[in-house]
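The values are calculated or read from the model by the stated rules, or taken from the named source; none is laboratory data. What you see is a predicted model; the values in this text were computed from it and never measured. Reconstructed Cβ throughout: ideal geometry from the backbone, glycine too, with neighbour counts over all protein chains shown. Ligands, DNA and RNA are excluded from the accessible area calculation, which covers all protein heavy atoms including side chains. Shrake-Rupley method; radii C 1.70, N 1.55, O 1.52, S 1.80 Å.
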Amino acid sequence: LENVNVSDGIKTIGDGAFFGCYSLKSFKITESVNSVGEYAFGRCSELKSVTVENGIKSVSNQMFADCTSLNEIVLPNSIESIGRRAFLNCSALESFELPDSIETIADYAFYGCSGINNLSISAKTIGDYAFSFCSELESVNFSDKLEIIGDESFNSTGLSEVSVPSAVSHIGERAFATNKIEKITVDENNQYYTSIDGVLFNKSETEIIDYPNYTQAESYAVPQSVTSIGEYAFGGDMQSLKNVTIPDTVTEIGNGAFMDFYG
């Protein structure tokens, strides 16, 4: 099955409707369709182009999972959420637009999309591992409405710098665990986080949350204000850092704080 023409009368495409149709090349989800089920196009390994017209409000769970040839997708402004594992391992995706209407990007939504190189994200919530192993992702712009960045959401990407917007109230563990991060900056109006010389702290500066792996400094002195070194704060392959001085104000070192520290 290589080609499908969907009539304007179709309103629903069910779970797994085209799952494993290995020869399907392209698909157009017409405006009449208001619901597409989970796994609908999963493992359509030759699917290269998808157009979604205004109608559906969400990209369902695993809707395009393992569509490894998918390199073009057009999403409408009716989309409000991207489901769990929706684009899992869509490694051919390079650049596309996420509509401003999207509020939620679920866990693992773009996990393993190794071809994506830049993104603008307007969502309020980015789930756990949402963009993990997007190894070519070098630039990401967050909107001011972003509130939640999940665990390892940008793990193993190509990001060298991250700017945290003012509304962000939660940054998960190892959210930016990539060996290319040089600095993390935070909007000065953020009530929960701050940045000092590119290092991420809580607002009161009593906890180090994330020390960038790719900083060129060979030594770092933890500020006297710090009482806690957060989980995985220095974890990973530090490119240059060899020495860390911890003051006696610190009373807690979190899980994995220096895990795999090769400095």
Among the listed pairs 11/57; 28/48; 48/145; 183/203; 11/124, which are separated by more than 23 Å between their Cα atoms? 48/145; 11/124
Any idea what the relative contact order of segment 129-263 is, in percent, if you count C-alpha pairs under 8 Å spaced at least 6 apart? 17
Take the alpha-carbon positions of segment 1-127, form their convex hull, and give its projected area averaged over all directions (one quarter of the hull surface) in nm². 6.2
Please build a GNM for the chain, connecting alpha carbons under 10 Å apart, and tell me which residue among 17, 86, 109 fluctuates the most. 17
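Quick one: accessible area per residue over the chain, 1.4 Å probe, rounded to a whole number of Å²?
45
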Per residue of segment 47-55, in order, report the coupling 6.51 cos²θ - 1.76 cosθ + 1.60 (Karplus, θ = phi - 60°) as ³J(HN,Hα) in whole Hz, putting x for Gly and Pro. 5, 10, 9, 9, 10, 10, 7, 3, x
Once you list every other residue whose beta carbon is under 9 Å from the beta carbon of residue 71, what net charge do they have if Lys and Arg are +1 and Asp and Glu are -1? -1
Hey, can you grab everything whose amide H is under 5 Å from the amide H of residue 78? Only 5+ residues off in sequence or another chain; H modelled, so Pro and N-termini drop out. 55
Springs between alpha-carbon atoms under 10 Å, Gaussian network over the chain: tell me which of 81, 23, 91 tops the mean-square fluctuations. 23
Rounded to a whole %, the carbon-and-sulfur portion of the accessible area of the chain at a 1.4 Å probe is 40
With the contact rule set at Cα under 8 Å and sequence spacing of 6 or more, what percent relative contact order holds for segment 1-83? 27
Between (i) 18.9, 66; (ii) 20.6, 70; (iii) 50.8, 145, which entry matches Rg and Dmax of the Cα atoms in Å as derived from the coordinates of this structure? (ii)
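What full-extension length gain, to one decimal in nm, is calculated for residue 188 and residue 224 as 0.36 nm per residue of separation minus the Cα-Cα distance?
On the way: separation 36, 0.36 × 36 = 12.96 nm, distance 2.13 nm.
Taking 0.36 nm per residue and subtracting the Cα distance, the gain is 10.8 nm.
Give the relative contact order (percent, whole number) for the chain; include only Cα pairs under 8 Å separated by 6+ residues.
On the way: 858 pairs, mean separation 22.4, N = 263.
Over the chain, the number comes to 9 percent.
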Which of 54, 213, 155 fluctuates most in a GNM of the chain (C-alpha springs under 10 Å)? That residue is 54
Between the alpha-carbon centers of segment 127-203 and segment 59-117, tell me the distance in whole angstrom. 19
Just for segment 133-262, what percent of DSSP beta bridges are antiparallel, to the closest 5? 30
